[in-house]
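Structure, as structure tokens:
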Amino acid sequence: MKCFHHPEKDAVATCAQCNVGLCKECEETSEFRIDNKALCNRCNASEAAGAIAEHARCKRRIIWFSILFVPGLCIFSVGALDKNLVVGIVGCLLIWGISGLGATLKDTFFPPPQSVKGQVKGALLEHEYPIASLIGKIIGFFVQLMFSYALYAVALPFKLGWTIFVFGNNKVKIKELRERYGIST
Ligand SMILES: [Zn+2]
Ligand SMILES: [Zn+2]
């Protein structure tokens, strides 16, 4: 087999996603890997597009968290100044919890892209057990709602900090990916 990108070279591996041949150079310079196996340029580009989209979501999350972080902190401070710390804490948790509520609702109505394997599994389950699948989805939604509300309310400062850290950390990498694969959006 020859390399898909360099027909003059012999293939030493195949793309982990679409199985076309890859030469030594293509194998070594593959940006992304699946189970440590290299990808061809097309599959690398689609992985890069996924990473870039995730980066954009990260940015939107920071804006969304920040919008709720500030009023939460304000209510907390007002409560503390007023010597009524309980009101401050409860008010703050309430405001921060709203961001968890928003995130859960958004994930429910605009679910993030699922892996092909997950989609097939979901479709099979829905086909074989339509009622059970529906009940499972409703229960899952409420469990997620409860959890995200409580978790976000307590963990929002950490979550915001972590999201900003990841975003900043990936910024250079994302720029590199855009240039390497010519992805502009
Ligand atoms: Zn491929
Ligand atoms: Zn090659």
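Each value in this text was obtained by applying a stated rule to the coordinates, not by laboratory testing. This one's a predicted model, so the numbers in the text were calculated from it and none came from an experiment. As a convention, Cβ positions derive from the backbone with ideal geometry for all residues, glycine included, and neighbour counts pool all protein chains shown.
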Exercise for the section: Would you mind checking the pairs Lys2/Lys173; Lys106/Lys159; Lys121/Lys171; Lys59/Lys173; Lys106/Lys171; Lys59/Lys171 and listing those with alpha carbons more than 22 angstrom apart? Expected result: Lys2/Lys173; Lys121/Lys171; Lys106/Lys171
Fill in the blank from the handout: If one builds a Gaussian network model of the chain from Cα atoms under 10 Å apart, the most fluctuating residue listed among Leu124, Leu145, Leu73 is Leu124
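With a cap of 16 neighbouring Cβ atoms within 10 Å, and only residues DSSP puts in a loop, list the trypsin sites (Lys or Arg not before Pro) found in segment 8-51. Walk me through the numbers before you get to the answer.
Details: sites: Lys9, Lys24, Arg33, Lys37, Arg42; in loops: Lys9.
Listed in order of number, the matching sites are Lys9.
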Problem - Which of His5, Phe76, Cys26, positive extreme of dipole for the chain (C-beta unit charges) - result: Phe76
Handout entry: Whole-Hz ³J(HN,Hα) from phi, Karplus 6.51 cos²θ - 1.76 cosθ + 1.60, for segment 123-129, glycine and proline x
Key = 5, 4, 4, 5, 6, 7, 10
Exercise for the section: Given the options Ile131, Ile52, Ile89, state which has the largest fluctuation in a GNM of the chain using a 10 Å cut-off (strictly under) for Cα springs. Expected result: Ile131
Handout entry: Square roots of 5 times each gyration tensor eigenvalue, C-alpha, segment 1-129, largest first, Å
Key = 49, 20, 10
Practice task
Tabulate in residue order the Karplus-calculated ³J(HN,Hα) for segment 114-120, using 6.51 cos²θ - 1.76 cosθ + 1.60 with θ = phi - 60°, rounded to whole Hz; enter x for Gly and Pro.
Solution key: 9, 5, 4, 4, x, 5, 5
Completion exercise
Connecting every pair of Cα atoms under 10 Å apart in the chain and solving the GNM, the largest mean-square fluctuation among Lys159, Lys117, Lys106 falls on Lys117
Handout entry: Backbone HN-Hα couplings from phi across segment 91-106 [Karplus 6.51/-1.76/1.60, Hz, Gly and Pro as x]
Key = x, 5, 5, 4, 5, 5, x, 4, 5, x, 4, x, 5, 5, 4, 5
Completion exercise
Amide H proximity to Lys9 below 5 Å, modelled H, separation 5+ or other chain, gives Cys3
Problem - Cα centroid separation, segment 134-152 to segment 27-61 (Å) - result: 30 Å
Handout entry: Dipole in debye (nearest 20) - the chain, about Cα centre, beta carbon charges: Lys, Arg +1; Asp, Glu -1
Key = 360 debye
Handout entry: Helix-derived mean residue ellipticity, 222 nm - over the chain, DSSP H n ≥ 4, -39500 (n - 2.57), to 500
Key = -26500 deg cm²/dmol
